Structure formats: C-alpha cells, structure tokens
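Visitor: Here's a structure for you.
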Amino acid sequence: MDAVNDVEIISRETVFKGYFQIDRYRLRHRTFKGDWSAELVREVFERGHAVAVLLYDPDRDEVGLIEQFRPGALAAGWNPWLIECVAGIIEEGEHPDDVARRETREEAGAEPSAMVHVGDYLMTAGGASETCRLYCARVDSRTISGLHGLEAEGEDIRTHVVSSAEALAMVRDGRINNAMAVIALQWLAMEKDRLRREWGPSGT
C-alpha cells in the first residue's frame, strides 16, 4: 500500500496554532482486505522534525548527555528533568547535519570532529507527524561540562559525562527513560566496537 493510491484525505484544517500546531484530518484508507475504511477523524500534532545527537568519545569510551526540564514528562506524572541526547528542531531550509552540529555546540559546548547518520524514525506515529534523524558525533568529552542552552528559548541545560557502560546501566535501571536517548544508546551498544575501529585514535 502507499499514501498516494491507498489514502484519501477528505479535508484538513488547523484547529490550534500556538507554540505547536494541531491539524484535524478527515480521511479514509484502503484496508488489508482490499476495500475502504470508514471515514476517520484524527487530530495530528504538528511539531516539526528533529535531530538527536549522541555524543561519544571513542578514545575515553565516554558519552556526553544533557539534562533539562520537559513539560510533557510533568504532565505524564514523571520526574520532568530528563537525561537526554542533544537534540533540536530542523527549521525550514536547514540541513539536518548543520542542525546537529549547531545543537551540539549550543547544548553541550562541544565540537563534533566526525559524525555518522544512525537512522531516521517516527516519534509517535499514532498522533504526531514528527520525525527524528539520529546521529552519533565524535567529541572530546573533556570539553563537555557546565550549564548550556539559549536563554531566549527558555533552555536550562546541565551536561553529564559518563562511561558508555554507565550510560547503558542508566537505560536498564530507568534513569534514562526517553526514546531518543534509549534508541541512541542501544545502537551504541551494538555498534561501539565497529565505530571505534573506524574512527581510530584521535592522537590526544
């Protein structure tokens, strides 16, 4: 099936526009039996598209992470200060690679010396259009410390540097509980040896 031949969008209207946007769709789609579904009405959260960057120092086998307040976690009844990967929204006309490098500087004070594209995924396809492009950036973990973020954007970010083993332990015990960081660190667990071979020593 494909979106061109097997989905009919009857109407789409923006029902809320503030910091984020919500659009209401009336649509129907072809079913696995071959006929058409009943008309569906669904609201879709339009947040834009994001990059996430796992900061990794292969020489020291350390990971750079950030911690910041998240209102969604508060609304869910969770501790709203989450330990995450660097991340940011891709603005119109921006290349994701450039956003990844910019956000690494703004949120962690680090400069990537190499970067690999890990993959792309949907954040929560049942109700949002947002996608994430995930990178792993080579950094010198000794440059990551202190507080960061743009005050004009309400950012208040604290950095952390931990071993890759400790980062995975944080995933296992729930200290890291957001999808971006969990996906990134599980990827690193699978690919770390290959990545360290490919990147080689930095000479520092």
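What follows is calculated from the coordinates using simple rules that are stated; it is not laboratory data. Predicted model only: the values in this text are computed from it and were never measured. In this analysis, Cβ positions are derived from the backbone assuming ideal geometry, glycine residues included, and neighbour counts consider all displayed protein chains.
Visitor: Mind ranking 8-15, 108-115, 24-31 by how tightly packed they are, going by the mean number of other C-beta atoms within 10 angstrom, highest first?
Guide: Numbers: 8-15: 10.4, 108-115: 18.4, 24-31: 14.1.
Ranking the peptides 8-15, 108-115, 24-31 by packing returns 108-115, 24-31, 8-15.
Visitor: Next question. Determine the sum of side-chain charges near His49: Lys and Arg each +1, Asp and Glu each -1, restricted to other residues whose C-beta is under 11 angstrom from that of His49. Please report the intermediate quantities before stating the final value.
Guide: Working: positive: Arg47, Arg133; negative: Glu46, Glu91, Glu92, Glu94, Asp120, Glu130.
Taking every other residue near His49 into account, the sum is -4.
Visitor: For segment 7-46, just run the numbers: alpha carbon Rg, then divide by 2.2 N^0.38 Å, N being how many residues it has. Write down the numbers at each step before the final one.
Guide: Values: Rg = 12.3 Å, N = 40, 2.2 N^0.38 = 8.9 Å.
In units of the 2.2 N^0.38 Å rule of thumb, it is 1.37.
Visitor: Express in nm, to one decimal, how much length is gained between Asp98 and Asp2 on full extension, taking 0.36 nm for each residue of separation and deducting their alpha carbon distance.
Guide: This chain segment gains 31.5 nm when fully extended.
Visitor: Given H placed on each backbone N at 1.01 Å, which residues far from Glu111 in sequence or on other chains put an amide H within less than 5 Å of it?
Guide: So Glu111 has HN proximity to Asp140.
Visitor: Within the chain, what percent of beta bridges assigned by DSSP are antiparallel, to the nearest 5? Walk me through the intermediate numbers first.
Guide: Details: 45 of 53 bridges.
Roughly 85 percent of the DSSP beta bridges within the chain come out antiparallel.
Visitor: Taking the convex hull of the Cα atoms, report for segment 65-146 its projected area averaged over all directions, in nm². Display every interim value, and only then the final one.
Guide: Numbers: hull surface 25.6 nm².
Average of the hull's projected areas for segment 65-146 equals 6.4 nm².
Visitor: Once fully extended, how much extra length lies between Trp187 and Glu155, figured as 0.36 nm per residue of separation less the alpha-carbon to alpha-carbon distance? Kindly include the intermediate steps, with their values, before the conclusion.
Guide: On the way: separation 32, 0.36 × 32 = 11.52 nm, distance 2.71 nm.
So the chain would gain 8.8 nm between Trp187 and Glu155.
Visitor: If a helix is a whole DSSP H run, which ones in the chain reach 18 Å or further along their own axis (Cα) and hold a mean Kyte-Doolittle hydropathy of at least 0.5?
Guide: Values: long enough: 179-199 (27 Å, -0.10).
Once both thresholds are applied, nothing remains.
Visitor: What dipole magnitude, in Debye to the nearest 20, does the chain give about its Cα centre under +1 on Lys/Arg Cβ and -1 on Asp/Glu Cβ? The partial results should precede the final answer.
Guide: Details: 24 positive and 36 negative charges, 114 e Å.
About 540 debye.
Visitor: Relative to 2.2 N^0.38 Å, what does the C-alpha radius of gyration of the chain come to as a ratio? Two decimals please.
Guide: 1.18
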